[in-house]
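A quick write-up on the structure given underneath.
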């Protein structure tokens, strides 16, 4: 058994890296996906968010309008912090439940926890190793522009998150995603081989 946390920043290539780990046989626990499940109408987290931010963030079908919510929290860091306080503990609980289930069926599993927002203290609670998907800010902005954000909005999203270089300080492995896809695949394969040898 090996449990590693994979983190990065917005548009740093983290999801691509997670996909390559999955292809090699790792189990991926996607914290974004868990968050989406917990934010479905009627869920406890959904109620907390709506009570705090108001009905104005809801679509007609009562789902949370993630674009509206993002525009609020990325304009005010304290609001982003409040949102994270509502979501993170529940995501962590669900992650632990899934981890236990995986290990029951596969005691030698390599589990990668795909965590967008990861501090050093948070990392130590959930994983033995930390992998950082690193990209230059120019590459992040280019990728975000391809998703429809202008440069101002892209920079705002990037600056709302902890600097990638800060995460490098507690990384055990770094995967650089600025080069070719083939280069990224090779780096992932090297890290996976090391993790396999640690099981």
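General observations
- Within the stretch 49-72, if we keep just the residues that are within 21 Å of the chain's Cα centre (by Cα) and part of a helix (DSSP H, G or I), the residue that is nearest to residue 87 (Cα to Cα) turns out to be 49.
This table checks each residue for (1) in contact with a strand residue (DSSP E or B) (Cβ under 6 Å, 6 or more places away or on another chain); (2) crowded, with 18+ Cβ neighbours inside 10 Å; (3) closer than 21 Å to residue 181 by Cβ.
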{"site": "9", "(1), (2), (3)": "no, yes, yes"}
{"site": "26", "(1), (2), (3)": "yes, yes, yes"}
{"site": "43", "(1), (2), (3)": "no, no, no"}
{"site": "70", "(1), (2), (3)": "no, no, no"}
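- Screening 93, 124, 113 for residues that are at pLDDT 90 or above and more than 14 Å from the chain's Cα centre (by Cα) leaves exactly one candidate, 93.
- Taking every residue in the stretch 1-20 that is at negative phi and without any contact (Cβ under 8 Å) to a residue 60 or more places away in the chain and pairing it with any residue that is buried (at least 23 other Cβ atoms within 10 Å of the Cβ) and part of a helix (DSSP H, G or I), at least 6 positions away or on another chain, yields no pair with a Cβ-Cβ distance below 6 Å.
- Extreme residue, farthest from the chain's Cα centre (by Cα), among residues of the stretch 17-44 that are assigned to a helix (DSSP H, G or I) and at pLDDT 95 or above: 23
- Residues that are farther than 17 Å from residue 75 by Cα number at least 2 in the following helices (runs of 4 or more DSSP H) confined to the stretch 135-178: 137-146, 164-168.
One line per residue, one yes/no per condition, for (1) within 27 Å of residue 192 (Cβ to Cβ); (2) touching a strand residue (DSSP E or B) at 6+ places or on another chain (Cβ under 7 Å):
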residue: 102; (1), (2): yes, yes
residue: 105; (1), (2): yes, no
residue: 113; (1), (2): yes, yes
residue: 130; (1), (2): yes, yes
residue: 136; (1), (2): yes, no
residue: 141; (1), (2): no, no
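- Residue in the stretch 167-187 that is surrounded by the fewest Cβ atoms within 10 Å (Cβ to Cβ), counting only those that are more than 14 Å from residue 135 (Cβ to Cβ) and at pLDDT below 90: 169
The values are calculated or read from the model by the stated rules, or taken from the named source; none is laboratory data. Since the model is a prediction, treat every value here as computed from it, not as a measurement. Reconstructed Cβ throughout: ideal geometry from the backbone, glycine too, with neighbour counts over all protein chains shown.
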